[in-house]
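*Asks:* Before we start, here is the structure in question, set down as structure tokens.
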Amino acid sequence: MLRSLLDELGITPEQLIAGPATVAAIPTFAEYVPLLSEAVSPGSRKVYGPYWERICERWGERRITEPTPLEIKQLSEEVRRNAIVRRNTRGGRTAAEHLISALRCLYRHATSDGLIRDADNPAAKVAKPRRLASHRMALSVSQLAEISAAAGATGNDPDLDCLLLRLHVETACRRGGALALRREDVDPDLCLISLREKGGIFRRQPISPTLMRHLLVQHAERGSDDASTRLLRYRDGRSLTYRRYDHLWRRIGAHLPWVRTQQISTHWLRHTTLTWVERNWGYAVARAYAGHAQPKNAGTTLTYVQADIHEVAAALSELTGEPHPLAP
């Protein structure tokens, strides 16, 4: 009977004895990490890449099945202690968390490749550092006005900086979503833009007619005829990068000490807008406005109470004081 069951499953007794992979077939970290790096998304590569390099420096010649949970814990503590100290540092917790996440990503792929059994994943047995509560909070109307005034009165391209701030306040988008915008992602008739953000999330986000007009003018003056090229650009035609945000907040912080002290960043604008939407339009609209995926174990009810793009447009219309084509 057992032999018949194995035949139905397509498994031989020799495979059960051999296990998921022979020792000779198991790669070293130095061999596996380059393959893994090519298989993940650019976002994952950017976050985990430095930690995979650190792992290869330490364990490059070891096979990926060799490190124990204790060794992984020791390496995470070493990474925590040696983390670069910045103004917003939290004792290296994020560095330790990213190291463990990078190893968990590696072992997930190794499990899929049949190199290791899920039960033998050593990184899954190491707990991540407990996350501390975020210190971000919604900015007030007067604070937003001060930030906008400082951006508009300083720097070598105040028009661009003010456009950036308005884009983030209206859409609550992340920096990556703004930088990835292309001319073909803009729909002037319906006042919509297409945002591509972390985790492969794609969403259609309403914007005000005023913001739409300024985006199109900026692209007409600085962009090219190719609709697939980036929308946001410097005066010389170069596409915007994350550096613009760093320079922007450093400059605003030099003129507004509270911005520097509180370590205000672009993500605070997202926090501010979504807080306002949730207070005035409820959780469902705020979740749709943010582009958040449905959380796991959220219950069946959430499937039936999802907000649509018309409700998001209505919230935007109230936020900006301008009518929107999709608002009821």
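A short reminder: the numbers here are calculations on the coordinates, not readings from a lab. As the structure is a prediction and not an experimental result, all values here were calculated from the model. Here Cβ is always computed from backbone atoms with ideal geometry, including for glycine, and neighbour counts include all displayed protein chains.
*Asks:* Could you tally the net charge around residue 121, taking each other residue with its Cβ under 9 Å from the Cβ of residue 121, Lys/Arg +1 and Asp/Glu -1?
*Replies:* +2
*Asks:* May I pose another question? May I ask you to derive the FRET efficiency for residue 117 and residue 239 from their Cβ-Cβ distance with R0 = 56 Å, giving the value to the nearest 0.05?
*Replies:* Details: r = 45 Å, r/R0 = 0.81.
Computed FRET efficiency for residue 117 and residue 239: 0.80.
*Asks:* Under a Cβ-only charge scheme (Lys and Arg +1, Asp and Glu -1), can you give me the dipole magnitude of the chain about the Cα centre, in debye to the nearest 20?
*Replies:* Values: 46 positive and 36 negative charges, 266 e Å.
Taking the Cα centre of the chain as origin, the dipole is about 1280 debye.
*Asks:* Please give the calculated 222 nm ellipticity per residue for the chain, where each DSSP H segment of at least 4 residues contributes -39500 (n - 2.57) and the sum is spread over every residue; nearest 500 deg cm²/dmol?
*Replies:* Numbers: 16 runs with 182 residues, N = 328.
Dividing the helical sum by the residues of the chain leaves -17000 deg cm²/dmol.
*Asks:* Tell me the label only: which of [x] 24.2; [y] 22.6; [z] 31.6 is mean projected area of the Cα convex hull in nm² as calculated from this structure?
*Replies:* [y]
*Asks:* Here's another thing I want to ask about it. Taking a point 7 angstrom from the Cα of residue 127 along the C-beta vector, which residues in the range 92-106 have backbone N less than 15 Å away?
*Replies:* Residues 97 fall inside that zone.
*Asks:* Quick check: residue separation of residue 224 and residue 108 times 0.36 nm, minus the Cα distance between them. What number comes out in nm? Before the final figure, lay out the partial values.
*Replies:* Numbers: separation 116, 0.36 × 116 = 41.76 nm, distance 4.24 nm.
Full extension of this stretch gives 37.5 nm more.
*Asks:* Let me ask you something else. At residue 93 and residue 159, where each label point lies 7 Å from the Cα along Cα→Cβ, what is the point-to-point distance in nanometres?
*Replies:* Taking the two extended label points, one gets 4.4 nm.
*Asks:* If you line up the long axis of helix 29-39 against the longest principal axis of the chain, both from Cα atoms, how many degrees apart are they, to the nearest 10?
*Replies:* Compared with the principal axis, the helix lies near 40 degrees.
*Asks:* Still on this structure, I have one more. Per-residue HN-Hα couplings for the range 254-259, Karplus 6.51 cos²θ - 1.76 cosθ + 1.60 at θ = phi - 60°, whole Hz, x for Gly and Pro?
*Replies:* Taking θ as phi minus 60°, the curve returns 5, 9, 10, x, 5, 5 Hz for the range 254-259.
*Asks:* Could you give the length gained on full extension between residue 246 and residue 78, defined as 0.36 nm per residue of separation minus the Cα-Cα distance, in nm? Numbers along the way, then the final one.
*Replies:* Numbers: separation 168, 0.36 × 168 = 60.48 nm, distance 2.85 nm.
In short, 57.6 nm is gained.
*Asks:* A further question on this structure: Given the Cα-Cα distance of residue 37 and residue 260 and 0.36 nm per residue of separation, how much length would full extension add, in nm?
*Replies:* Numbers: separation 223, 0.36 × 223 = 80.28 nm, distance 3.58 nm.
Result: 76.7 nm gained on full extension.
*Asks:* Under the classification rounded if a/c is under 1.5, otherwise prolate if a/b is larger than b/c and oblate if not, where does the range 141-320 fall, given a ≥ b ≥ c as square roots of the Cα gyration tensor eigenvalues?
*Replies:* It is oblate, given that a/c is not under 1.5 and a/b is not larger than b/c.
*Asks:* Using Cα atoms only, what is the angle between the long axis of helix 141-153 and the major principal axis of the chain, expressed in degrees (0 to 90) to the nearest 10?
*Replies:* On a 0 to 90 degree scale, this one is about 80.
*Asks:* If you don't mind, another one. What spacing in nm lies between the two simple spin-label points modelled at residue 135 and residue 284, each 7 Å away from Cα in the Cβ direction?
*Replies:* The modelled label-to-label distance comes out at 3.7 nm.
*Asks:* Follow-up question, since we're still on this one. Taking only C-alpha pairs under 8 Å that are 6+ residues apart, what is the relative contact order of the chain in percent? Intermediate results must be reported in sequence, preceding the final value.
*Replies:* On the way: 371 pairs, mean separation 46.1, N = 328.
For the chain, the relative contact order is 14 percent.
*Asks:* What order, most packed first, do the peptides 102-112, 316-326 have when packing is the mean number of other Cβ atoms within 10 Å of each residue?
*Replies:* Values: 102-112: 19.3, 316-326: 16.6.
In descending order of packing, they fall as 102-112, 316-326.
*Asks:* Among 123, 194, 320, whose Cα projects farthest towards the positive end of the dipole of the chain, with charges put on the beta-carbon of Lys, Arg (+1) and Asp, Glu (-1)?
*Replies:* Value: 123.
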